[in-house]
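Take a look at the structure set out below.
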Amino acid sequence: MIKSFQKTLLALFIVFVASSHAWAFVPFKVEDIRLEGLQRISIGTVLNYLPLQVGEVMDEERSVDAIGALYDTGFFEDIILSHDEGLLIVHVVERSAIAEINISGNEDIDSEQLTEGLEEIGLAKGRTFNPSLLDQVEQELQRQYFSRGKYGVNIDSSVENLPRNRVAINIEIFEGDIAEISQITLIGNEAFSKKTLLKQFQLETRNDFSFFGGNDQYSKQKLSGDLEALKSFYLDRGYINFSVISTQVSITPDKRSVYITINIKEGEKYTVKDVKIAGDLAIGKEELKSLISVLPGEVFSRRKITESSSRLSGRLGQDGYAFANINPVPDVDSEKQEVALTFFIDPGKRIYVRRINIAGNTRTKDIVLRREFRQMEGGWIGTDKINRTRERLQRLGFFEDVNVETPSVPGVEDQIDVNVSVTERSTGTVQAGMGYSESQGVLFTANISHQNFFGTGKRVSAEVNTSQINTVYSFSYNNPYYTLDGVSRGFRGFYRKTDRSARNTASYTADTYGVGVDYGIPLGEFNRLTFGVGVERTKINTIPNVTPDPYTDFLEENSDEFNIYQLEMGWSYDSRDRAIFPTRGVVYGVSGEIAVPGSGLEYYKTTVRARRYQPVFGPFTFLARGQIGWGDGYGRTSGLPFFKSYFAGGVRSVRGFRANTLGPQFGDFSIGGALKGVVNLEMLFPMPFAEASNTVRMGLFVDSGNVYENEANFELSDFRASTGLSMTWLSPIGPMVFSVAKPLRKQEGDDTESFQFSLGAPL
C-alpha cells in the first residue's frame, strides 16, 4: 500500500515537472504515439505496458497512470511525457542490463550457490540493474556466511559500465575466519547437570574432534534445534512448565569467538494421575487402550504421549480411518503436580479405495505388480497395507524407485485413489567377461539371465562360468507365482567340475552333475517354507601324494563315485524393507539338506542364518549377522563327506583371514569341518560426499568365527576375530565387494590377508 502511494506521488511529480516544461496541460485526443530513448527494449514491449491507445483522450489522470505503469516495469530510470498536436511523445531513459556477475575470494561457499541466493533478490545476469539492490546483495551474502559461522566476512561490490548500456557487477569477498564456540553457559538448571544437558546439544565448544563435525561453529539454525531438543528432554521427564527464558549470543570484537548463554526455568516435575480414552472410538476401547504406553503413576513424558498417539492413529488407519485425529488433552493439577490425560479420538470417515493406478512399468506387466498388492480396490484403505505393498514392490528387485500416493477423489469425501509409480531397472543381462574373486581366482563368465523374463516376473538363467576352482554349466528357471496364492516352482540342471587345490584347501578334483526341482510355499506375509528334491552324481579324483589322508581314508571306506538323492527343506522369515541395501528388518532362516537312505552316501547338513538391520540415526544402519552350520553322516556313511564340509575366512566370512583357511588343518592345507560358526557386526553408512548414491555402501565391521571338526571339538576361545572397513559397489559390470581388515584375535600359523575383494561374483 505504502509502495503504491509512493509511486503515485512520484508520477504526479514527474507529470508536474513535464507539464511545466513541455506544455500547459490540456486534455487532448491521442492520434499517434512516438517512443524516444529506447536502446534494448522493443517498442512493442513498451506499448504493451502503456495503459493508453491511439484514439483515447490523454488527461492528467491518464498521464499519472501511464507513468506509474512504465515505472512499475523496472526498465526505466526516467520517463517524460510531452505532446505535439495530437502526437504523444514518451521519452525514456533505460536502466542498464546486467551482463556479468563476477564473484571472487569465495572459498567456503561456491559461486553457484552464492549466485542462486542473489537471484532470489532480483540480481541475475540478463535482468535490469537496480542500484538499490547492491545493499541487499551485501546483506544476502553476509546472511549466507553468517549461517556458516563466518562473522568477520567483508563484502566489497562495484559496478563497471559496459558498452550498449550494460553493466558488470563485481563482488569481492573477504571471508575471514570461522567463529568458534568458546563457551556455552546454562543458567537455572538444578535437576540435571550442565554436562547431561549439553549432551542433548548438537553445538559444542572447541575440542580435538570438532574438525570432523564442525559443531563448534555457531549456527542460529543449530541453536534453535538444540533449544528444542533441550525442551523435549525436560518434557520427557515430567517438567511440563519448562521454558527458555532468554538466549544471548555474544561475539568477540575479532569475530572469532562466540559465547552462548541460555537462561532456563525448569519448573516442577509432574506425574500422570490417570489416562482415559474418549470420543468416537470406532474400534474396541480395550484394544485402543492397550496401545497407550503412558501409565498412571509414571512421570509425565511427551515422547510417550506422541508415540501412543501415533500407535492409535496407525491402528485406526488399518481399519480405513486414514485421517483419524488423536488429540491428547492434559488436565493439570498444579497443587499436586499431577496430570490427568484424556486421548480424544475422532476417527473421521472411513476411507475407501476407488481405484489403483499403476504408472512407469514400461516392461513389467501390471499383473506382476498387482499380485504384490495388499491393498485392494473397493475396500477400505489400510495404511499398513499401503506400506507393505510398497515394500513388496521394492523387494522384487525390478524397480529402482517405488512411489505410492493416495490423492482424494474430487467431490467425494470418503474415497481416495492409490497411484503407484515405478522406475524400471535393468533386470536382464547378456554377459561375457571376466572377474576376480579372492576365494575363486580369475573368473571367466558367459551368461544369459533375466530376473523378469519378458515382464512376467519369472527368472530364467543359462550360465557358463569358469575359474581356477570351478567350471560350471547351468540352467535354472523359477516361477514365483506357479499358483495364484504365491506358491513358487523352479527347475535346475548343472554340471560342475571343481579343483580344490586352487582354493587354499586340500587337493582333489570332483565332477558333479545333477537336476532338481524346488517349491516355495508362503505361510503368511513374512514366513515362507521351501522344499525340493534333486539327484546328483559325483566322481572324486584324488591326486597321488597330494590328497590328504583324511580324504583318501573316507573314499576307501565308501567310494569315489556315487549317486546322491537329496531332499531339501527350509523355513525363512524376511521383513526387510528392500532386497538391495536394506535399512531395517530381519531375516531368519533354517535350511536342511539330507541324502536320503539308499543314496551312495548318507548324510545331513543344517544351517541357521540370522540378519538384523536396525536404523541407528540418520543414514546409519546397524547390521548384526550370524550363521551356524553343522552336519554329519549316518547309516553306512562315517561322518560328513569332505566335499560337503564347511569352510570359513574371506571377504564374505571372517574378513582379514585368507579365504577358506580357518578350521582344521592337515599339513599346510585346510580340510574343512562339520561345524561352523560366524558372527558379523557392522555399522553401515553411505559413502562420504556421495550420500545420495544408491549403488555404494560402506561399513565398519567386527567379524568373528571358526570351523571345527565336529561338536566335540568346539571351543569358543578358538574363535578368530577381525575389524576393518568394507565397501560394496553395485557397478555396471557386477557387484564389487572390498574390505580392509586387521585381525584382533589370531593364532600362530593363521593365514591373514589385509585387503580382500570380489569382482564380478554374486553377492
For region 284-294, indicate whether the set of residues that are in contact with a helix residue (DSSP H, G or I) (Cβ under 9 Å, 6 or more places away or on another chain) and closer than 28 Å to Pro410 by Cβ is non-empty.
no
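In region 260-293, what residues are touching a Ser or Thr at 6+ places or on another chain (Cβ under 6 Å) and of a type in the set (Val, Ile, Thr)?
Those that are touching a Ser or Thr at 6+ places or on another chain (Cβ under 6 Å) and of a type in the set (Val, Ile, Thr): Thr261, Ile262, Ile292.
Mind listing just one residue for me: the one in region 155-170 that is out of contact with any helix residue (DSSP H, G or I) (no Cβ under 7 Å at 6 or more places or on another chain) and surrounded by 15 or more Cβ atoms within 10 Å (Cβ to Cβ) and, of those, farthest from Asp254 (Cα to Cα)? Outline the logic, then answer.
Of all residues in region 155-170, those out of contact with any helix residue (DSSP H, G or I) (no Cβ under 7 Å at 6 or more places or on another chain) come to 156, 158-170.
Among the residues that remain, those that are also surrounded by 15 or more Cβ atoms within 10 Å (Cβ to Cβ) are: 165-170.
Values: Asn165: 42, Arg166: 39, Val167: 35, Ala168: 33, Ile169: 29, Asn170: 27 Å.
Looking at the filtered set, the residue picked out is Asn165.
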Looking for whichever is surrounded by 16 or more Cβ atoms within 10 Å (Cβ to Cβ), of a type in the set (D, E, K, R) and in contact with a Phe, Trp or Tyr (Cβ under 9 Å, 6 or more places away or on another chain) here; the options are Lys349, Lys385. Which one fits?
Lys385
Being among the β-branched types (Val, Ile, Thr), crowded, with 19+ Cβ neighbours inside 10 Å and within 30 Å of Lys458 (Cα to Cα) is the requirement here; does Ile326 meet it?
no
Hey, can you tell me all the residues within region 333-385 that are out of contact with any helix residue (DSSP H, G or I) (no Cβ under 9 Å at 6 or more places or on another chain), of a type outside the set (D, E, K, R) and assigned to a helix (DSSP H, G or I)?
Ile367
Filter result (over 30 Å from Asn387 (Cβ atoms), in a strand (DSSP E or B) and charged (D, E, K, R)) within region 523-567
Glu536, Arg537, Lys539, Glu561
Regarding region 509-522, can at least one residue be identified that is over 45 Å from the mean Cα position of the chain (by Cα) and either part of a loop (DSSP other than H, G, I, E, B) or farther than 30 Å from Gly493 by Cβ (or both)?
no
May I ask you to say which residue of Ser559, Ser599, Ser572 is more than 34 Å from the chain's Cα centre (by Cα) and surrounded by 17 or more Cβ atoms within 10 Å (Cβ to Cβ)?
Ser599
Within region 196-203, does at least one residue satisfy the condition of being at pLDDT 90 or above and hydroxyl-bearing (Ser, Thr, Tyr)?
yes
Quick check, is Met698 in contact with a strand residue (DSSP E or B) (Cβ under 7 Å, 6 or more places away or on another chain), without any contact (Cβ under 8 Å) to a residue 40 or more places away in the chain and closer than 17 Å to Pro615 by Cα?
yes
Looking only at helices (runs of 4 or more DSSP H) that lie completely in region 210-302, which have at least 2 residues being farther than 24 Å from Ala340 by Cα?
210-213, 220-235
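Here's the yes/no breakdown for (1) among the hydroxyl-bearing types (Ser, Thr, Tyr); (2) in contact with a Leu (Cβ under 8 Å, 6 or more places away or on another chain); (3) at pLDDT 90 or above; (4) crowded, with 17+ Cβ neighbours inside 10 Å:
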site	(1), (2), (3), (4)
Thr498	yes, no, no, yes
Val515	no, no, yes, no
Val533	no, yes, yes, no
Glu536	no, no, yes, yes
Thr542	yes, yes, no, no
Val546	no, no, no, no
Asp549	no, no, no, no
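The values are calculated or read from the model by the stated rules, or taken from the named source; none is laboratory data. A quick note: this is a predicted structure, and the numbers were derived from the prediction, not measured. A quick note on method: Cβ atoms are made from the backbone with ideal geometry, for glycine too, and the neighbour counts reach across all protein chains shown.
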